[in-house]
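The values are calculated or read from the model by the stated rules, or taken from the named source; none is laboratory data. It should be emphasised that the depicted structure is a prediction, and the values quoted were computed from it without experimental measurement. Note that each Cβ is placed from the backbone with ideal geometry, even for glycine, and that neighbours are counted across all protein chains shown.
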Amino acid sequence: MRPRPRLSSGDPCGETSCPVNEMRKPNRRIAVVDDDASVRKALVRLLETSSYDARGFPSARELLFGLADARPECMIVDLQMPSMSGLELQHHMARTGIKIPTIVITAHDEPGSRERCMAAGAAAYLLKPIRKAALLTAIDKAMETST
């Protein structure tokens, strides 16, 4: 029996013919909004090794200020953050007419959270710790439906 190939940072399925790799378009801009610096940095690194142009923001407000410089094609937003939560950010963007596909992530899944986020327009709702393949698939689907 041959050993299974090791996963490389840019190959979430461990195969070069992985459907996730075939769907991905290089250098698409993604914003990561999470108040936890270690999570934010890890997600930015993961996305960069997967050919995305990722930028991290420590808060929803920082993201909103950053939109003037460059608008991402997709956002990964932590649900529970101080000042403005991921859900509040979704509502704010909807009120102001800003449409960016959003993936909500959380370590604290509470009853009704998924339903509220999806009703507010989230493209996906993922629980931490996030599996790389699940995140990349969610990003691809979110970006595909927004075009």
Practice task
With respect to Ala31, determine if the residue is in a strand (DSSP E or B) and within 20 Å of Ser146 (Cβ to Cβ).
Solution key: yes
Problem - Contacts under 8 angstrom Cβ, first residue in the range 30-42 being farther than 19 Å from Ala142 by Cβ, partner at pLDDT 95 or above and aromatic (Phe, Trp, Tyr), 6 or more apart - result: none
Fill in the blank from the handout: With the first residue restricted to the range 48-60 and required to be within 13 Å of Leu89 (Cβ to Cβ), and the second required to be aliphatic (A, V, I, L, M) and assigned to a loop (DSSP other than H, G, I, E, B), Cβ contacts under 8 Å at 6 or more apart or on different chains are Ser59/Met81; Ser59/Met84; Ala60/Met81; Ala60/Met84
Practice task
Take the residues in the range 50-75 that are of a type in the set (Ser, Thr, Tyr) and under 16 Å from Thr137 (Cβ atoms), then tell me which one is surrounded by the most Cβ atoms within 10 Å (Cβ to Cβ).
Solution key: Tyr52
Exercise for the section: Show the residue pairs that are 6+ apart or on different chains and have beta-carbon atoms under 8 Å apart, the first residue being within the range 73-100 and more than 18 Å from Ser113 (Cβ to Cβ) and touching a residue at least 24 places away in the same chain (Cβ under 8 Å), the second being small (Gly, Ala, Ser) and not in a helix (DSSP H, G or I). Expected result: Cys74/Ala31; Cys74/Ala123; Ser83/Ser59; Ile100/Ala31
Handout entry: Scan of the range 92-129 for residues that are farther than 17 Å from Ser59 by Cβ, outside any loop (DSSP other than H, G, I, E, B) and not hydrophobic (A, V, I, L, M, F, W, C), ordered by number
Key = Arg95, Ser113, Arg114, Glu115, Arg116, Tyr125
Practice task
Please verify whether the range 109-116 includes one or more residues that are farther than 18 Å from Asp36 by Cβ, acidic (Asp, Glu) and at pLDDT below 95.
Solution key: no
